[in-house]
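Visitor: Handing you a structure now.
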Amino acid sequence: MMLLLLAFTATAAAQNTFFPTKEGTVMVTAHKNAKGNAESYSKLTIGKVEGSGANMTVPYVVESLDKNRKPANPPTAVPLKMVIRDGVMIIDMKSMFAEQAGDPEATMEITGVPMELPADMKPGQALKDAEMTMTMDMVIMKMTTTITMTGGKCLAIEEVTVSAGTFTCYKITQTLTTTVMKRNMLGRYVSWYAPGIGAVKTETYDEKDRLQGTTELVELN
């Protein structure tokens with residue numbers, strides 16, 4: 001999850017966007033526990049892209065797979081969209097929940113500031129903070145969850161090798177605070193983003209900086 005501004009040509013922006021923009025691209029990501037064992041996978045498929053260059057809307061579908069890379073039971077496929085505006089990749093966290101069915105008796109309101117990841121990101125560059133507040137009215141009660149991402153920074157450009165190959169990536173760190181019923185849970189993300197692909201690896205740490213899990217790109221077609 002990421003952030004900031006940009007000043008590139010449309011062609012450069014398209015090449016450096018930290019997300020796949022070619023229709024039909026398929027990516028499979030492994031979700032591993034702290035011991036490095038895969039507990040599940042997710043499959044992302046890019047649909048028909050609208051626009052070009054520095055301004056695009058990229059529709060995609062995320063499917064949940066089990067630890068054997070078989071469709072989850074019941075099958076889960078969530079349609080989402082990535083918006084690239086003036087060369088900035090805008091990650092609107094509320095879109096992650098917009099397609100969730102949930103309780104038919106409940107209503108959900110989502111507000112906040114989306115994350116942004118600029119195409120011209122450089123090592124040492126600070127990233128904008130982002131926030132999402134989700135309020136669910138379940139008739140008998142309301143539950144509010146707030147997620148904030150702060151302290152974002154591009155740390156370096158590194159070569160990263162994962163199962164899908166070796167990629168030149170921008171290493172990013174962010175602090176994640178989740179507030180539920182006035183209780184705060186802290187964590188930290190370290191992600192490696194490759195231009196034209198997106199996150200090829202992410203490590204999640206708890207408030208004591210202990211590794212909790214890792215995601216890793218295992219297939220790219």
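The values are calculated or read from the model by the stated rules, or taken from the named source; none is laboratory data. Just so we're clear, the structure is a prediction, and the values are computed from it rather than from any experiment. Quick reminder, even Gly has a Cβ in these numbers, built from the backbone with ideal geometry, and neighbours come from all protein chains shown. Note: areas computed on protein heavy atoms with side chains; ligands, DNA, RNA excluded. Shrake-Rupley method; radii C 1.70, N 1.55, O 1.52, S 1.80 Å.
Visitor: Heads up, I need the accessible area for E158: 1.4 angstrom probe, whole protein in place, Å², nearest 10.
Guide: 60
Visitor: Pop out the ³J(HN,Hα) list for the range 23-40 in order, Karplus 6.51 cos²θ - 1.76 cosθ + 1.60 with θ = phi - 60°, rounded to Hz; leave Gly and Pro as x.
Guide: 4, x, 4, 10, 10, 10, 10, 8, 10, 10, 7, 5, 8, x, 8, 6, 9, 6
Visitor: To the nearest 10 square angstrom, how much accessible area does K67 have with a 1.4 angstrom probe?
Guide: 130
Visitor: Roughly how many debye, to the nearest 20, is the charge dipole of the chain about its Cα centre, given +1 on each Lys and Arg Cβ, -1 on each Asp and Glu Cβ, and no other charges?
Guide: Taking the Cα centre of the chain as origin, the dipole is about 400 debye.
Visitor: Sticking with this one: Can you pull out the trypsin sites (Lys or Arg not before Pro) in the range 22-51 whose DSSP state is coil and whose Cβ has at most 10 other Cβ atoms within 10 Å?
Guide: K22, K35, K48
Visitor: Listed highest first by mean packing, meaning other Cβ atoms within 10 Å per residue, what order do 192-198, 108-114 come in?
Guide: 192-198, 108-114
Visitor: Then there's this: What distance in nm lies between label points placed 7 Å from Cα along the C-beta direction at A34 and T76?
Guide: It works out to 2.3 nm between the two label points.
Visitor: While we're looking at this one, here's another question. Using a 1.4 angstrom probe, figure out how much accessible area the chain has per residue, in square angstrom, rounded to the nearest whole. Write out the running numbers ahead of the final one.
Guide: Working: 11890 Å² over 221 residues.
It amounts to 54 Å² per residue over the chain.
Visitor: Which of the residue pairs K22/K128; K22/K67; K153/K182; K70/K122 have a Cα-Cα distance greater than 29 Å in the structure shown?
Guide: K70/K122
Visitor: Still on this structure, please answer the following. List the relative contact order of the chain as a percent without decimals, with contacts defined as Cα pairs under 8 Å and 6+ residues apart.
Guide: 21
Visitor: For Y189, Y205, give me the order by solvent-accessible area with a 1.4 Å probe, most accessible first, ignoring ligands, DNA and RNA.
Guide: Y189, Y205
Visitor: What would the Debye equation give as log₁₀ I(q)/I(0) for the chain at q = 0.09, 0.16 Å⁻¹, counting only Cα atoms as equal point scatterers?
Guide: -0.37, -1.27
Visitor: So how exposed is Y60, as accessible area in Å² (1.4 Å probe, rounded to 10)?
Guide: Roll a 1.4 Å probe over it and Y60 shows about 20 Å².
Visitor: Let me ask something else about it. Quick check on the chain: helices-only [θ] at 222 nm, where DSSP H runs of length 4 and up contribute -39,500 (n - 2.57) each and the sum goes over total residues. Nearest 500, please.
Guide: Calculated mean residue ellipticity at 222 nm is -1000 deg cm²/dmol.
Visitor: Follow-up question, since we're still on this one. Any chance you could get the radius of gyration and Dmax over the Cα atoms of the range 117-201, in Å?
Guide: Answer for the range 117-201, Rg first and Dmax second: 16.4, 52 Å.
Visitor: Modelling each spin label as a point 7 Å along the Cα-to-Cβ direction, I'd like the D120/L186 distance in nm, to one decimal.
Guide: 3.5
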